[in-house]
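Everything below concerns the one structure shown next.
The values are calculated or read from the model by the stated rules, or taken from the named source; none is laboratory data. Computed from a prediction, not measured in an experiment: that's the story for all the values here. Because the Cβ atoms are built from the backbone with ideal geometry, glycine has one as well, and the counts that use them run over all protein chains shown. These accessible areas exclude ligands, DNA and RNA; they are computed on the full protein's heavy atoms, side chains included. Shrake-Rupley method; radii C 1.70, N 1.55, O 1.52, S 1.80 Å.
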Amino acid sequence: MTLKGVLFDFSGTLFRVEPTASWLAAALERTGVRMSEAEAARAAERLEEAGALPGGGHPLSVPPHLATVWAERDRSAEQHRAAYTGMAREVPLPRPELYDVLYERHMEPAAWRPYADAAGVLGELRRRGIRTAVVSNIGWDLRPVFRTHGLDACVDAYVLSFEHGVQKPDPRLFLAACQALGLTPGEVLMVGDDRRADGGAAALGCAVHLVDHLPVGERPAALRPVLGLLG
């Protein structure tokens, strides 16, 4: 069957969140909290190990008291905030308000950069008449990120886990995206960076293409093969 639509994951696929060190630096500047260079570097390292930055790396381990909320973190805005601020609070910081400021910072468009080929690929899909949707495990509205970076006009639909109460790899989220595009799963390609979460689309009958979750500077053209897969 001819592919007529593409579903894209958000974090690690079309966009990448800022490094943990600059994430922390932004929160410190906003609150006026001062840390020495060495203290800030160590805190950033520990926050990264804790997996406290949404869209960043996975935690080295999940504390037992956070296990349930972490497993279901993308099902609602409340669970997402509780999970990530909870992981951040495992790392001692100078002021308690920093944890909420860190969480707020990661939702700002300035905290995200599109991959170098994202605009070109999305634009070419639009030119070809291929319908596109963003399907993301997330706890907040990412539409402003796309608008700020000039990519919103290339997206036909957003299917976000917290708005549906289910998270990938649950087939219901992929089905909702296919329906939003007016297509059957067999007409759709899912592009993502997580073999388990994004690969779940295969159970529904979607084709799947995976990319590596790398820093923007290390992945200049991983999305371009998508154009070839569509013929």
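Details
- For segment 1-15, the set of residues classified as crowded, with 23+ Cβ neighbours inside 10 Å and in a strand (DSSP E or B) consists of Gly5, Val6, Leu7, Phe8, Phe15, listed by residue number.
- Just so you know, in segment 210-225 the residues that are buried (at least 16 other Cβ atoms within 10 Å of the Cβ) and in contact with a helix residue (DSSP H, G or I) (Cβ under 9 Å, 6 or more places away or on another chain) include one that is farthest from Gln167 (Cα to Cα), and it is Leu223.
- Condition check for Glu187: charged (D, E, K, R), over 16 Å from the mean Cα position of the chain (by Cα), over 19 Å from Gly123 (Cα atoms) and at pLDDT 95 or above: yes
- Test: Phe174 is farther than 30 Å from Ala38 by Cα, open to solvent by less than 20 Å² (accessible area, probe 1.4 Å) and part of a helix (DSSP H, G or I): yes
- Residues (hydrophobic (A, V, I, L, M, F, W, C), without any contact (Cβ under 8 Å) to a residue 60 or more places away in the chain and either open to solvent by less than 10 Å² (accessible area, probe 1.4 Å) or not in a loop (DSSP other than H, G, I, E, B) (or both)) located in segment 54-91: Leu66, Ala67, Val69, Trp70, Ala71, Ala82, Ala83, Met87, Ala88, Val91
- Yes/no for Ala43 being outside any helix (DSSP H, G or I) and surrounded by 20 or more Cβ atoms within 10 Å (Cβ to Cβ): no
- For Val135, the criteria (1) open to solvent by less than 40 Å² (accessible area, probe 1.4 Å); (2) within 23 Å of Arg105 (Cα to Cα); (3) touching a Pro at 6+ places or on another chain (Cβ under 8 Å); (4) not polar (S, T, N, Q) hold in every case but one, which is (3).
- Residue within segment 119-126 that is within 18 Å of Val17 (Cα to Cα) and exposed (fewer than 14 other Cβ atoms within 10 Å of the Cβ) present: no
- Count - residues of segment 16-75 that are of a type in the set (Val, Ile, Thr) and within 23 Å of Ala222 (Cβ to Cβ): 2
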